[in-house]
1. Quick one: in the range 47-73, of everything that is open to solvent by 30 Å² or more (accessible area, probe 1.4 Å), polar (S, T, N, Q) and part of a loop (DSSP other than H, G, I, E, B), which residue is nearest to Leu23 (Cα to Cα)?
2. Report the residue count in the range 14-25 for those that are surrounded by 15 or more Cβ atoms within 10 Å (Cβ to Cβ) and either in a strand (DSSP E or B) or touching a residue at least 60 places away in the same chain (Cβ under 8 Å) (or both).
3. Can you tell me which residue within the range 35-46, out of those that are within 15 Å of the chain's Cα centre (by Cα) and open to solvent by 80 Å² or more (accessible area, probe 1.4 Å), is farthest from Ile69 (Cα to Cα)?
4. May I ask you to verify whether Leu11 is within 30 Å of Phe91 (Cα to Cα), among the aliphatic types (A, V, I, L, M) and assigned to a strand (DSSP E or B)?
Amino acid sequence: MPLDGTDLDPLILEGTKLPERTLFWRAREARAARKGPWKLYSRGKVTALYNLDDDIGETMDVSAQHPEILSELQTAWEQWEADVVQSARQFEN
């Protein structure tokens, strides 16, 4: 059965860098996506976009200044969520 994920052997055994990728996570009603310096965070009706290179403390929502990045990360997160739900179905009764 194929599993989701990334093989870390080249990183651990050879010190090879992993390719750039978007990371996703969720916890209860909160969700997030991270791509390069950009982090999308959403909880309930609140959604924010942060540039972590400029604002590691996540204090400045820059979604109004970067609507294309906001949209890209939202779409990517929705696709990831759909993939996770589909993958989970194989483990149901």
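1. My answer is Thr59.
2. Step one: of the range 14-25, the residues surrounded by 15 or more Cβ atoms within 10 Å (Cβ to Cβ) are 22, 24.
Narrowing further to those that are either in a strand (DSSP E or B) or touching a residue at least 60 places away in the same chain (Cβ under 8 Å) (or both): 24.
Summing the residues that are surrounded by 15 or more Cβ atoms within 10 Å (Cβ to Cβ) and either in a strand (DSSP E or B) or touching a residue at least 60 places away in the same chain (Cβ under 8 Å) (or both) in the range 14-25 gives 1.
3. Quick first cut of the range 35-46, residues within 15 Å of the chain's Cα centre (by Cα) only: 35-43.
Filter once more, keeping what is open to solvent by 80 Å² or more (accessible area, probe 1.4 Å): 35, 43.
On the way: Lys35: 10, Arg43: 18 Å.
Residue satisfying both the conditions and the ranking: Arg43.
4. Numbers: within 30 Å of Phe91 (Cα to Cα): yes; among the aliphatic types (A, V, I, L, M): yes; assigned to a strand (DSSP E or B): no.
When the stated conditions are applied, Leu11 does not pass them.
Each row is one residue, and each column tells you yes or no for (1) more than 27 Å from Val62 (Cβ to Cβ); (2) charged (D, E, K, R).
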| residue | (1), (2) |
| --- | --- |
| Asp9 | yes, yes |
| Ile12 | yes, no |
| Thr16 | yes, no |
| Arg28 | no, yes |
| Leu40 | no, no |
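The values are calculated or read from the model by the stated rules, or taken from the named source; none is laboratory data. Since the structure is predicted, the reported quantities are computational estimates derived from the model, not experimental observations. FYI the Cβ positions are ideal-geometry reconstructions off the backbone, even for glycines, and counts take in every protein chain you see. Ligands, DNA and RNA are excluded from the accessible area calculation, which covers all protein heavy atoms including side chains. Shrake-Rupley method; radii C 1.70, N 1.55, O 1.52, S 1.80 Å.
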